[in-house]
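Some notes on the structure that comes next.
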2 protein chains.
Amino acid sequence: MARSDAPDRDDGRFSYEGLDRVIHEKARLSVLTSLVAHPKGLAFPDLKRLCNLTDGNLSRHLAVLQEADLVSLEKGQVQNRPQTLCRLTPAGRGRFLEYLTVLEQVVRDAARAAGPASDLATKTA
Amino acid sequence: MARSDAPDRDDGRFSYEGLDRVIHEKARLSVLTSLVAHPKGLAFPDLKRLCNLTDGNLSRHLAVLQEADLVSLEKGQVQNRPQTLCRLTPAGRGRFLEYLTVLEQVVRDAARAAGPASDLATKTA
DNA sequence: ACGGTTCGCTTTGCGATGCAAAGTAGAGCC
DNA sequence: GGCTCTACTTTGCATCGCAAAGCGAACCGT
């Protein structure tokens, strides 16, 4: 039993605990990136187009994001039509940026490992 | 009907279609990053420790990755013990690198949008 | 003014998926 | 010969993403 007690210092080296499940999801990552790029907020239909999502899909993900207090949904009326304005909450922005640093770490780890030879940006010759 | 026919040029700007679902998963992303960092391959227990995964979890994800032809599993015996050696397939390496370029794009989009002001990598030219 | 259509969004249903707990198999001790 | 440890696999559940259907309020033509 002595053996498995010795924790390699590399334990969890690649576990990336910081990859929040709520954020780390194609659709929601898209939404959040869109929102961070539009600090004034985005209307439901715009978000839908930017992220190439269906109505139902976007609705669901927004609910999840709101539940997690990452985005705020402001339902109002514009030109006598309902309009939901989606915005990143301050907390959401913070958590998203945190998440991003982890993502950067992943990219760096991988790029470094892949070797300077096979550069990512420049495709393999 | 004429209106919605006009596709904004920004349509899908943030949809990131390239984020392969098989790869874009916390656990599997960990596994793949570990593997790209260890071109000679990794044994099941090592991978398990590096990624902080349970046996069952790792087993399942490896099966998925193998199914997708991203990794190869070589089951053998070492010192009279079973040992599964996991390696990235050439195709797997390629697809992972592709995925990474998209990830980079996400990070870049977000970092730029978050504003050069807010840290992150803060080395935006 | 009223039927139909469109817009904006929500709900429902289902198939897929991640995860953990339990299960299997063989090697090494006692 | 049983006990245990390592190395995985399988099973079961609960969650989740997704698409299709639903819903209601405006607007439009007649």
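The values are calculated or read from the model by the stated rules, or taken from the named source; none is laboratory data. Because the structure is a prediction, the values reported are computed rather than measured. As a convention, Cβ positions derive from the backbone with ideal geometry for all residues, glycine included, and neighbour counts pool all protein chains shown.
Could you tell me whether the range B:67-81 includes any residue that is near DNA strand C (Cβ under 10 Å from one of its atoms) and crowded, with 19+ Cβ neighbours inside 10 Å?
Checked against the condition, which is being near DNA strand C (Cβ under 10 Å from one of its atoms) and crowded, with 19+ Cβ neighbours inside 10 Å, the range B:67-81 yields no hits at all.
Could you look through the range A:68-77, keep only residues that are touching a Leu at 6+ places or on another chain (Cβ under 9 Å) and part of a strand (DSSP E or B), and pick out the one that is farthest from DNA strand D (Cβ to nearest atom)?
Within the range A:68-77, the match that is farthest from DNA strand D (Cβ to nearest atom) is A:Ser72.
How many residues does the range A:88-107 hold that are buried (at least 17 other Cβ atoms within 10 Å of the Cβ) and either at pLDDT below 90 or under 14 Å from A:Gly41 (Cα atoms) (or both)? Can you show your working first?
Narrowing the range A:88-107 to residues buried (at least 17 other Cβ atoms within 10 Å of the Cβ): A:88-89, A:92-93, A:95-96, A:99-100, A:103-104, A:106-107.
Next, only the ones that are either at pLDDT below 90 or under 14 Å from A:Gly41 (Cα atoms) (or both) stay: A:88-89, A:92-93.
Total meeting the criteria: 4.
Would you pick out the residues in the range A:1-22 that are at pLDDT 70 or above, more than 12 Å from DNA strand D (Cβ to nearest atom) and at the interface with chain B (Cβ under 9 Å from one of its Cβ atoms)?
A:Asp10, A:Asp11, A:Gly12, A:Arg13, A:Phe14, A:Ser15, A:Tyr16, A:Glu17, A:Leu19 - these are the residues of the range A:1-22 that are at pLDDT 70 or above, more than 12 Å from DNA strand D (Cβ to nearest atom) and at the interface with chain B (Cβ under 9 Å from one of its Cβ atoms).
Which one of A:Asn80, A:Asn57 is modelled with pLDDT under 95, more than 15 Å from the chain's Cα centre (by Cα) and under 21 Å from B:Asp109 (Cβ atoms)? It would help to see each step written out before you state the result.
On the way: A:Asn80 fails: under 21 Å from B:Asp109 (Cβ atoms).
After applying the criteria, what remains is A:Asn57.
Please verify whether B:Glu25 is within 15 Å of DNA strand D (Cβ to nearest atom) and closer than 30 Å to A:Leu88 by Cα, treating the condition exactly as stated.
Criteria met by B:Glu25.
Can you give me the number of residues within the range B:29-51 that are over 16 Å from the mean Cα position of the chain (by Cα) and facing chain A (nearest Cβ under 8 Å)?
Residues flagged as over 16 Å from the mean Cα position of the chain (by Cα) and facing chain A (nearest Cβ under 8 Å) within the range B:29-51 amount to 1.
Report, by residue number, each residue of the range A:52-103 that is farther than 29 Å from A:Ser15 by Cβ, within 14 Å of chain B (Cβ to nearest Cβ) and among the acidic types (Asp, Glu).
A:Asp55
So which residues in the range B:35-49 are within 15 Å of DNA strand C (Cβ to nearest atom) and crowded, with 23+ Cβ neighbours inside 10 Å?
B:Leu47
Quick one: B:Val64 ticks every box in (1) over 21 Å from A:Phe96 (Cβ atoms); (2) buried (at least 18 other Cβ atoms within 10 Å of the Cβ); (3) within 16 Å of DNA strand C (Cβ to nearest atom) bar one, so which box is it?
(2)
Any idea which residue in the range A:55-73 is farthest from A:Arg21 (Cα to Cα), counting only those that are touching a Ser or Thr at 6+ places or on another chain (Cβ under 7 Å) and not polar (S, T, N, Q)?
Applying the filter and picking the extreme gives A:Leu73.
Considering each of B:Arg95, B:Arg28, B:Arg87, B:Arg112 in turn, give the residue that is basic (Lys, Arg), in contact (Cβ under 8 Å) with a residue 12 or more places away in the chain and in a strand (DSSP E or B).
Step by step, each of B:Arg95, B:Arg28, B:Arg87, B:Arg112 is checked, and only B:Arg87 is basic (Lys, Arg), in contact (Cβ under 8 Å) with a residue 12 or more places away in the chain and in a strand (DSSP E or B).
Can you tell me which residue in the range A:13-31 is nearest to A:Gly56 (Cα to Cα), limited to those that are more than 13 Å from DNA strand C (Cβ to nearest atom) and surrounded by fewer than 18 Cβ atoms within 10 Å (Cβ to Cβ)?
If we take residues in the range A:13-31 being more than 13 Å from DNA strand C (Cβ to nearest atom) and surrounded by fewer than 18 Cβ atoms within 10 Å (Cβ to Cβ), then A:Gly18 is nearest to A:Gly56 (Cα to Cα).
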